[in-house]
Structures are given as structure tokens and as C-alpha cells.
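Remarks on the structure that follows.
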Amino acid sequence: MRTIKEKDIQPLTGVEFDVEEMTKNIVTFSEKMAGIEFFPYQREYAEGIVKSVIQNDGEELTALFARQSGKTETNAVIADGIMVILPLLAKLFSHYEPIQIYRNGVRVGVFAPSGRQAQTTYGRMDTRIRSRNAKMILNSNDIDVGLEDLTRVIALDNGSIAISLSANKNAQIESETLHFIIVEEAQDVDSMVVRKSIHPMGASTNATVIKVGTANNVKSDFLDAIRRNRRRNEEENRQLHFEYDYKEVQKYNDRYRKYIKQEIRRLGKNSDEFRMAYGCEFILERGMFLTESKFNELCEIERNLPLVHERKRGVQTAGIDIAKKSDSTVITVTEIDYDNPVYDDIEGVERYRKRILDWLELKGDDYNSQFYQIVEFLEKFNISTVYIDSTGGGEIMSDRIKGYFDGRIDVVSYTFSRKSKSKMYKHLNQEIHANRLLIPSGSRVTRYKKYRKFKQQMLDLEKDWKGQYLIVSHPMKKDAHDDYADSLALAIMASKNEAMPELEVQDYNPFFEDKGYRSYGKKKKAGRTNSELFG
């Protein structure tokens, strides 16, 4: 076995290891060695992988790709590149500690639901690293790395090695020590195998794990990881989840665009098969309370709605979910849109849309200080009814708020139980699927952390049936919450029995004697619009 002579490599003392610049250089090196050039979305994903590996940060990256969009090619090219270059860089930049773990080689593991699928990426790696371009670079004086003649593995004489293994739950996966783990077709890999067998192979090296796949219709470790990373993408200044549907891919590949047109004709753009394979949509209606496509549809009913932080006209309701343990207290204010009634074909009556105006989130469970913040927030609106979670400590808060708004706002204590929460979420579900919930989604709105948390919690909600009861809750995962969802459901419950405002007509108007005087009341229904009533 030929080895690189350490004495021939002089460390670059005094030269800074610039992570951002080195990331780009390693991706470019990998492209040159493979003789290809990544599309922009592939390069973005590739740089995300390389940055994690050279920082040795032990991150779990997720990538959701449309079918045949180049995910396997990207993984193979980058895996080859880092196997060749990182041991050399570790010696040149001996002062940069994170990459010293690769000094004697990079160990790569490729996993997939079956051995055949794992061989797809592995075979691509083997083909690329034996290409003419790769051999020229490997044999150059600057690189000087040779391929070992071994079976079932890709081995380099700098100590790097790549293996492929089946992640089938019946397979006996050998205990390997790996620096870089690739889980291909991650949507189909058994969750227990990933967590119990694959993850531990990177424990001693703080390995980077990438989970790559396409959307399907079942829950999985892959979907859980995507949700975690979507949350972290919003909370941290770093991209950990990468997602590219057919619309992004066809921008750069004309043949792909033409093929997609044919698939739309064959399958239909709204078919489950097309939405999952090319639209990156998980079709989880049976297990998820709200899908992303439905959420986006609600945002599109009235585009670019802003948040409204104060409104003293119209009719609003509010829902208050009181904090418990590590949760937050969340208040949601919604307005009933009397201007645009919607005819309910099933019940044969007119219904009204509800628009989310604003949220308030209060951390912790200091109910005394929260009380003053809650009433100050509610005073900014023309609230008619408040539903408040009175479970546990919420009963005390509910009584205080009732006392404060006595005679001005109808405050209803709503104790959570299997029966009451089922009723609440059945009603919310009805309003959602009848498109009677308007979600603000203007460009300024999406910058708010509270909007992002609302969206994430709504999309995380899982549903199940226990007999006649609909059970809706956050997934049993760390950092998953449903405070915003419960608050919204309470606000919508508060609007359930809100009738059209009624007008009291008096014969005398001290200001305009020749016109009838209108005042807001609840004695006689008048078919007036919001602008007529409150404008």
C-alpha cells in the first residue's frame, strides 16, 4: 500500500482556514474531478454538505428533491471529492482542529432501504472516481492519491474509504465508524434502523449525517428530520434543510422541463403521484391535521394580508392558550368578515370567514405579569368574545380576565378534555376545509417570528381518531408545541355563535334630524356590511 509521505507536505502556517472560501473551493474541486458542473440548486446543497463536514459539527442535514433532479449525483460527486482532498487539507492546515479527524482518511457510509438502492450512489461514486478527469487529478503532483484494488469498497491510499450497506430492518448492519453518513431514499428507511443502527456509527467522530429523498404518504424519520430542520432554518442563521421541487429544477434543465409537461399530461398536476414525486409534497391527510398545500391555499384566499396590531372597529374574537410547563401563553385575535358572506351548500345558510389579525406570545408561566400584558393586548381590539383555556392554572387567569372585562367582553372558560378538544378541532377543521379561515401572508408578515412559529406548529399538528373523538396534538418530539394551534382553535370557537351584528334604529338624531340614527346593538338584524356599520 502506497502512503503519502508526511515529510513532503509542508503545513501552511500563518494561513487562515476560511470556512466559507474553503467550502466553495472544495465543491469546485469535486466538480472538476468528476468532470461536471452543478446546477445552482445542486451547488447550494453541495456547499451545505461540505461546510458541515469541514466544521465537523455533527449536523443532520435534510434534502427533499423532486425525482430525477440530481440528488444522487450531487452526493456521489461530493463524497468522492472530500475523500480525496480532506486528508491533504488536514495536513496543510494542521492548525485548524476540526479537520484533523480526517488526517488519516475520510470514512463514508452510504445507506438505502435495500442493498440495490445503496449501490446506486456507491456505483456513481465508483464510476466518477475512476473517470479520466479523476485519474488525471489523482495522479497529479499536487494530489498524488491512488486507488486501492479492493472489492466491495472504494478505498484510497490516503486512508479514505466508502462502503454501501442496506438499511433494511431485517439486515444485519455491521458496526462501522464513519465520518460522513449518506441515507438515500430516506423516506423509505425504517426509523428504528436509522436511529438505533445508523446514527451511532457517527458518534465517536461527530459525523455529518445527510438524509436525502422524495416525498411520500407516510410518516418517517426523514419527515421528522425535515420538520426539525425547517424549524431550525427559521430560528438559526443557517440552512440545514434543502428543498427543490420540479419548478426549481426545470429552470436549468430544458429536457427535464419537457418531461415534466408529459408527466403532467399522464398523471395530472393534482394527482398524488405527481405532487409527491415532483412537487415535494408529503400527502399525509390521514395523519396530519393541516397539509402545507392547504395552508398555502388559505394564504391565497386574500393575498398579502398584513398583520393588524390594533383595530377598534369591526367584530373580533380571541382565543387564549395558557402556558403549561415549557409552553408559551399564546393569544390569537381573529376578525369575522361580515362583508363577504360565504354560502354553505351543506347547511343551506350563510357563513362568515374569519381573518387572523395578530398573535401575542408570552414566555413562561408567571401568570401575574402575563395578566397585564394580555388585557393590554386585548384592549387594542373591538373584542366581543374570548375563549380561554381554563385547564389547570388557566382557571385562575380566566377568572381574572372575566372580572376585568365584566360587561364589556364575553369571556368563556373552556376546559380541555378529550371531548371538548375534539369539538374544538372539529369546528376548526370545518372552517379550514370550507376555506373560511384567512391567514395573513404578506412579505412583512413572513418576517415575524410569531408567524413562522404559527405556521410550523400548524403544519406539525397530528391527528388521530379515538372512537368518535378527533385527537389533535403536536408530535411527541423535542421542541414541538401546539400553543398557536390551540389558541387559534379557541378563537374560532369563540366566533362560532357570533351572529351578524344587529342595529337599533331610533327615530331621532340630534345631529341630523332628517336622517335615521343608527347605533350598534343586538335587537334587530340588519343586513349591513362592516363598512356601513363601522366605517
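The values are calculated or read from the model by the stated rules, or taken from the named source; none is laboratory data. Please read these numbers as outputs of a predicted model, since none were measured by experiment. Positions of Cβ are generated from backbone atoms using ideal geometry, with glycine treated the same way; all protein chains shown enter the neighbour counts.
Going by the conditions given, is Ile198 in the same structural domain as Val108 (by TED's automatic domain parsing), of a type outside the set (Gly, Ala, Ser), outside any helix (DSSP H, G or I) and over 16 Å from the mean Cα position of the chain (by Cα)?
Answer is no for this residue.
Just a yes or no: is a residue in region 385-393 within 29 Å of the chain's Cα centre (by Cα), at positive phi and either assigned by TED's automatic domain parsing to the domain that holds Leu490 or among the small types (Gly, Ala, Ser) (or both)?
No - not one qualifying residue is present in region 385-393.
Regarding Asn168, is this residue in contact (Cβ under 8 Å) with a residue 12 or more places away in the chain and either under 18 Å from Val212 (Cα atoms) or acidic (Asp, Glu) (or both)?
Numbers: in contact (Cβ under 8 Å) with a residue 12 or more places away in the chain: yes; either under 18 Å from Val212 (Cα atoms) or acidic (Asp, Glu) (or both): yes.
Yes.
Of the residues Tyr102, Tyr122, Tyr96, which single one is in the same structural domain as Asp221 (by TED's automatic domain parsing), in contact with a His (Cβ under 7 Å, 6 or more places away or on another chain) and touching a residue at least 12 places away in the same chain (Cβ under 8 Å)?
One residue alone meets the criteria, Tyr102.
Going through region 322-333 one residue at a time, which ones are modelled with pLDDT of 95 or more and farther than 17 Å from Tyr352 by Cα?
Let us first name the residues in region 322-333 that are modelled with pLDDT of 95 or more, namely 330-333.
Result: Val330, Ile331, Thr332.
For Ile78, which of the numbered conditions (1) at pLDDT 95 or above; (2) farther than 27 Å from Asp221 by Cβ; (3) part of a helix (DSSP H, G or I) fails to hold?
Condition not satisfied by Ile78: (2).
Residues that are at pLDDT 90 or above and closer than 17 Å to His309 by Cβ: list the helices (runs of 4 or more DSSP H) wholly contained in region 347-462 that include at least 1 such residues. Write out each step before concluding.
Details: elements: 367-378, 394-404, 418-433, 449-460.
So the answer is 367-378, 449-460.
From the list Asp479, Asp464, Asp483, which one is farther than 16 Å from Glu235 by Cα and within 18 Å of the chain's Cα centre (by Cα)?
Details: Asp479 fails: farther than 16 Å from Glu235 by Cα; Asp464 fails: within 18 Å of the chain's Cα centre (by Cα).
Among Asp479, Asp464, Asp483, only Asp483 is farther than 16 Å from Glu235 by Cα and within 18 Å of the chain's Cα centre (by Cα).
Just to verify a result, which residue in region 56-95, among those that are farther than 18 Å from Tyr244 by Cβ and of a type in the set (Val, Ile, Thr), is nearest to the chain's Cα centre (by Cα)?
Ile82
Just give me the residues in region 383-406 being within 23 Å of Leu357 (Cβ to Cβ), free of Cβ contacts under 8 Å to residues at least 40 places away in the same chain and among the charged types (D, E, K, R), in sequence order.
Residue satisfying the conditions is Lys402 alone.
On the given criteria, is Gln10 of a type in the set (S, T, N, Q), modelled with pLDDT of 95 or more and assigned by TED's automatic domain parsing to the domain that holds Leu165? I'd like the intermediate steps shown before the answer.
Working: of a type in the set (S, T, N, Q): yes; modelled with pLDDT of 95 or more: no; assigned by TED's automatic domain parsing to the domain that holds Leu165: yes.
Answer is no for this residue.
Return the residue satisfying two criteria in turn: it lies in region 142-198 and is within 30 Å of Phe29 (Cα to Cα) and among the hydroxyl-bearing types (Ser, Thr, Tyr), and of such residues it is surrounded by the fewest Cβ atoms within 10 Å (Cβ to Cβ).
Thr151
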